[in-house]
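Worksheet for the structure shown next.
Read the figures in this text as sums done on the coordinates, not as results from a lab. On a predicted model such as this, the values are computed, not experimentally measured, just so you know. Positions of Cβ are backbone-derived with ideal geometry, glycine not excepted, and every protein chain shown enters the neighbour counts.
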Amino acid sequence: MDFKTKHFRRGETVIEEGLRSDFIYLIKQGRVEIRKGVRRTVPIVLGTVGPGETVGEISVFDGSPSMAEAVAIEDTETLAMSKEEFQRRLADMDPIFNGLFRMLIKRNRSMGDQVESVYDRRYSST
């Protein structure tokens, strides 16, 4: 298996918005904030994830740039799975489940874009 322990200090970027990710990070300890629109004055905070949750999976799954930034908001320990290991496991997945996950990823990206669009319309005039 291709898992490595990786530590992130508080304030350190785990995933950069707009770049492709080479790893999926399973959070063992700590918390990570998910932010969209990091180039704006105040990014949109989409949520916080913690132990047992992952970051980076969407970009690794569909090969597109990350739709959001993930930043450790406290010292965080993760298990990192490489894109290659994930792709190997994905190839063994039932095709129906693979298609279902692709559809869910597409919807997730679309919702992220919609959140940003609504935010822009609501706050750009203030």
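Listed values, structure above:
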{"read-out": "Residues satisfying the stated conditions in the range 83-92, i.e. surrounded by 14 or more Cβ atoms within 10 Å (Cβ to Cβ) and among the acidic types (Asp, Glu)", "value": "GLU85"}
{"read-out": "Some residue of the range 93-111 being surrounded by 11 or more Cβ atoms within 10 Å (Cβ to Cβ), touching a strand residue (DSSP E or B) at 6+ places or on another chain (Cβ under 8 Å) and at negative phi", "value": "no"}
{"read-out": "Subset tally (residues that are surrounded by 15 or more Cβ atoms within 10 Å (Cβ to Cβ) and either touching a residue at least 40 places away in the same chain (Cβ under 8 Å) or farther than 18 Å from VAL115 by Cβ (or both)) for the range 23-52", "value": "14"}
{"read-out": "Filter result for the condition that a residue is within 14 Å of PHE23 (Cβ to Cβ), touching a strand residue (DSSP E or B) at 6+ places or on another chain (Cβ under 7 Å) and of a type in the set (Asp, Glu), over GLU69, GLU57, GLU53", "value": "GLU57"}
{"read-out": "Positions within the range 68-111 being more than 16 Å from the chain's Cα centre (by Cα) and β-branched (Val, Ile, Thr), in sequence order", "value": "ILE96"}
{"read-out": "Residue satisfying condition, being of a type in the set (Phe, Trp, Tyr) and either in contact with an Asp or Glu (Cβ under 9 Å, 6 or more places away or on another chain) or under 18 Å from LYS4 (Cα atoms) (or both), within set PHE23, PHE101", "value": "PHE23"}
